[in-house]
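Please treat every number below as a calculation from the coordinates, not as lab data. Predicted model only: the values in this text are computed from it and were never measured. We place every Cβ from the backbone using ideal geometry, glycine too, and count neighbours over all the protein chains shown.
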Amino acid sequence: MPPLNPASKAVALLVRRRSLFRQRTANSSNYNQIRCLSSISGTNAFSSADRIVGGGGYRNYNLRFQKRGFLGCNDGEEGTGLSKKYEERRVIGYSPEQMFNVVAAVDMYQDFLPWCQRSEIIRRNPDGTLDAELEIGFKFLVESYVSHVELHKPKSIKTTSYQTALFDHLINIWEFNPGPVPGSCNLYFFVDFKFQSPFYRNMANMFFKEVVSRLVGSFDERCRLIYGPGVRVLQNASQQRA
């Protein structure tokens, strides 16, 4: 066979490089598809020591595979999300006592909070506190948790929930002080929470503002239903910070 001339050698080298590029592209595509499917289904298809090559084989490439469980099962490396915090100050046209009574009636939340599907007081403690179980549903998610409620009538209410299946922590504070006109209330609301599951934390990032923006308004509407129209207060007398 006659030796290849320089032009033929260059063409052959170009063909080999092109074939190698296509093979590496295919391998990368397979890796991305498998990584995506693994994240959605929650199956840890490969351990951190496993390495993938196109065609289903294994090789010791320096690639890391992210482990993630569905709905928080076997969460692996993604369990380091930050908590969400929100606070609001608002002047309400109802007295501190009226606002306190509505917020303290935890077992009635299911009747007016949009995302609360069930609320039940499961224990009344000798020190005046109580424990309540709430079932919340938002979009296609439904979960329940138990919260400890501290009542300081008519000044404040604090609810806490720690290390439950749903929350890493949940802290909710209501403060009720006399407003600028008789029969009104200077309301302070604060919530700090962190879901156990990275999946729920991602959902919270999507819907957090929608939920908290409706929360205080729902209690205001509940007061209107129970007590009738409130006293007139200045419009836009509210401050929000997330």
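Computed from the Cβ-Cβ distance with R0 of 22 Å, the FRET efficiency linking V181 to K155 stands at 0.70. Put in line by how crowded their Cβ is, counting other Cβ atoms within 10 Å and starting with the fewest, T129, T159 read T129, T159. Working note: Karplus 6.51/-1.76/1.60 with θ = phi - 60° gives region 170-181 the couplings 9, 10, 10, 10, 10, 10, 10, 10, x, x, x, 10 Hz, where Gly and Pro are set to x. Label positions at D127 and S218, each projected 7 Å from the Cα along the C-beta direction, are separated by 2.8 nm. For region 105-119, putting each phi into the Karplus relation 6.51 cos²θ - 1.76 cosθ + 1.60 with θ = phi - 60° gives couplings of 7, 4, 5, 9, 4, 4, 7, 9, 7, x, 9, 8, 8, 7, 9 Hz, in residue order, rounded to whole numbers and with x for Gly and Pro. The gain in end-to-end length when the F112 to F208 segment is fully stretched comes to 32.7 nm, 0.36 nm per residue minus the alpha carbon separation. Applying the Karplus relation 6.51 cos²θ - 1.76 cosθ + 1.60 with θ = phi - 60° to region 146-162 yields 3J(HN,Hα) values of 10, 10, 9, 10, 10, 10, 10, 5, x, 8, 7, 9, 10, 10, 9, 8, 10 Hz, where x marks Gly and Pro. Cross-link reach is defined here as a Cα-Cα straight distance under 17 Å, omitting same-chain residues fewer than 8 places apart; for K209 the aspartates and glutamates meeting it are E87, E88, D192.
Amide H contacts of F167 (H built 1.01 Å from N, in plane; Pro and chain starts excluded): Q196 sit under 5 Å, all sequence-distant by 5 or more or on other chains.
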